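To start, the structure under review is shown below, and the notes come after it.
Just so it is clear, none of the values below were taken in a lab; they were calculated from the coordinates. Values in this document were obtained by computation on a predicted structure and should not be read as measured data. In this analysis, Cβ positions are derived from the backbone assuming ideal geometry, glycine residues included, and neighbour counts consider all displayed protein chains.
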Amino acid sequence: MVSEEYRGRRKWSRNKQAVATVVWISFLTAAVATMLFFAVFDPIELLASFDADLDVDRQGGYAVGFFFFWIIAAGCSATTAWLVRTAPKRDAQNR
Amino acid sequence: MSTPANTDRPRAAALYESAKKIYPREIKGRFESLSKLATNILLGLFYFVPWLMWDERQAFLFDLPARKFYLLGLTLWPQDFPYLALLLIIAALLLFFVTALAGRLWCGFACPQTAWTEAFIWMEQLTEGTRSQRMKLDKAPWGWNKLWRKGSKQLLWISFSLWTGFSFVGYFMPIRQLGLDILAFSVAGWTLFWGLFYGFATYGNAGYMREQVCKYMCPYARFQSAMFDKDTLIISYDEARGEPRGGRKRAVDRKQDGLGDCIDCKLCVQVCPTGIDIRDGLQYDCIACAACIDACDSIMDKMDYPRGLVRYTTENALNGEPSRVLRPRMFVYGAVIAFLTIALFTSMLTRTPIILDVIRDRNTLYRELPGDVIENSYTVKVINQNNESRDFRLSVDGVSGLTLDGVAEQFTVDGGDVLSLPVRARTERDSAYGIMHITFTVSAVDDETVSITEDSRFLGPTP
């Protein structure tokens, strides 16, 4: 009875796996990158050096930095995943 | 969906993708108590720690807007980042150590994903009942009972998630003030965003994704096997003892019937939160929660067979080879961890509680003053890392006759504060030419040994 219950237990489709992995790993990467980056640079001083008349406080700066890193990392991960998955299959005989 | 030919397709797709939801069965036992204890301690700490106070302020506060970390009596600045890096390295090594010793203890007992999933399953059991009740409820048509049970589960889950988000943000800003702000509906935009973000992530990860996170998204789950060796403690089914498996009456002498100790009750499969069969051998889906050990032990007790058909053991032991837990690998990891921990604490305890930053003004190379004097300008930042205010003295050295202007003989910096001083250094034209290295030194008036030096440059005319 049980084995029947769990036969074909829920599995994610390949696309769902890819999306979840890309989003999650780039999230972790962005968290680390944000930590390292803002340990060295203060968002307020950084913005001041651009002479831009932006009204952004530190928290806003951190958030913008975090999402910037997340988007960059997600773009990189997604491209890598896509290239790996769409690469031409190796010929079985030439292995 | 208008043509009859299409009506079947979404159903087929749904069958392929979602297949079976896992309903972990509840089990009591040694490891279950241990894991419950770990969950309670870890989650309890998470929700309780932000409320702790230390002298008028929050004991653990990562004050990002002010760029200061408060840890009990200690105040850390962005310049102290190496400490955090070292701490993370120690944590990583500790994970290696534990993994080599006893496999995925982290996954089963300490991972936030497991802890929150257990809390969410507990709420699910409270509202929807036991495993079989939950399965029946999911199959039943919508009615008042189902609506009531599912609704109250969602209510519990959502309130718990919101509280989680609130506690999370409470590590980054004073939680009492945050609570008052929420009650007054005046929470700042980003604060609200991060609270809801974290709360929603908890709700999704612990309520719905659960073991899928471990299987598909967790990097540790994939590389932990690299830290295993044949002496690592793993949860295993003793195949030699259990097989051939099969049902039997309790009175039957299993040896006569040619049966092993496994009665094939499948309880180990039902309790598994990731839905695997431990009897198929070590699998990377296994999060080492040890629920199957508890399940099997309870059956062995009922059958009057010895416990441990499923148990913590090593690959060597299962193969009948000598196995030892204390092996060179453990001592090497242990020694490195001990060394780094001692290094971290000594450097933190003996650090000079001043930070000195010297920035040369970029706009001018140097200025010539009447009377053949060359002047350079600097911005000197003195950070007093102590909690009490202190008097300091600033001096400069490296070029003969160099004097400072714009700074008093002594100046006071408040506890945990930054003093920014526009300072000018001057010397005779005769002793200044080209690029010269100079050093700024700031020292405490009450204790000359508390001092710190920072390099900078002094520019003069090139002859």
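The table below gives the values:
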quantity: Label-point gap, in nm, between B:K381 and B:L192 - each point 7 angstrom along Cα→Cβ; calculated: 3.2
quantity: B:K36-B:A91 pseudo-label distance in nm [points 7 Å out on the Cα-to-Cβ vector]; calculated: 2.9
quantity: Label point distance in nm, B:A251-B:N363, each placed 7 Å from Cα along Cα→Cβ; calculated: 10.3
quantity: Magnitude of the charge dipole, the stretch B:354-459, Cβ model with Lys/Arg +1 and Asp/Glu -1, debye to 20; calculated: 460
quantity: Too-long pairs where the Cα-Cα distance tops 26 Å, listed order kept, from A:K16/A:K89; B:K21/B:K230; B:K36/B:K266; B:K21/B:K153; calculated: B:K21/B:K230
quantity: Cubic angstrom per residue, convex hull over Cα atoms of the protein assembly as shown; calculated: 287
quantity: Furthest towards positive pole of dipole, B:T313, B:C268, B:I293, structure part the stretch B:204-319, Cβ charges; calculated: B:C268
quantity: Cβ-derived FRET efficiency at R0 51 Å, B:R324 paired with A:D42, nearest 0.05; calculated: 0.45
quantity: R0 of 45 Å, Cβ-Cβ distance B:T346-B:D277: FRET efficiency to nearest 0.05; calculated: 0.35
quantity: The stretch B:164-275, Rg to Rh (Cα coordinates; Rh as Kirkwood inverse mean 1/r); calculated: 1.29
quantity: Extension gain, B:A338 back to B:D455 (0.36 nm per residue minus Cα-Cα distance, nm); calculated: 38.7 nm
quantity: Qualifying lysines (Cα of each under 17 Å from Cα of B:K68; at least 8 residues distant if same chain); calculated: B:K381
quantity: Taking the C-alpha atoms of the stretch A:19-86, convex hull volume expressed per residue in Å³; calculated: 94
quantity: Anchor B:K249: aspartates and glutamates whose Cα lies under 19 Å away (excluding residues fewer than 8 positions away in-chain); calculated: B:D257, B:D261, B:D264, B:D297, B:D301, B:D304
quantity: For chain B, cysteines whose Cβ has no other cysteine Cβ within reach (under 4.7 Å); calculated: B:C107, B:C111, B:C214, B:C218, B:C262, B:C265, B:C272, B:C286, B:C289, B:C296
quantity: Among B:G170, A:T34, B:Y284 the positive-end extreme of the charge dipole of the protein assembly as shown (Cβ point charges); calculated: B:Y284
quantity: Set of the stretch B:388-402 residues, backbone N closer than 19 Å to the point 7 Å along the Cα-Cβ line of B:W77; calculated: B:388-396
quantity: Evaluated over chain B, the Cα radius of gyration and Dmax, each in Å; calculated: 32.3, 113
quantity: Whole-percent pair-distance distribution, where bins are 5 Å wide, for the alpha carbons of the stretch B:213-267; calculated: 4, 15, 17, 13, 11, 12, 12, 8, 7, 1
quantity: Cα centre as origin, Lys/Arg/Asp/Glu Cβ charges: the protein assembly as shown dipole, Debye; calculated: 4060
quantity: For the stretch B:61-135, size of Cβ-based charge dipole, Lys and Arg +1, Asp and Glu -1, in debye; calculated: 100
quantity: Kirkwood Rh in Å, taken over the stretch B:354-459 so that all alpha-carbon pairs contribute; calculated: 14.2
quantity: At least 24 Å along the helix axis (C-alpha) and Kyte average at least -1.0, DSSP helices within chain B; calculated: B:30-48, B:81-102, B:144-169, B:328-349
quantity: Linear extension gain, B:R307 paired with B:T462, 0.36 nm per residue minus alpha-carbon span; calculated: 47.1 nm
quantity: Residue-by-residue Karplus 3J(HN,Hα) for the stretch B:245-250, coefficients 6.51, -1.76, 1.60, Hz, glycine and proline x; calculated: 6, x, x, 7, 7, 5
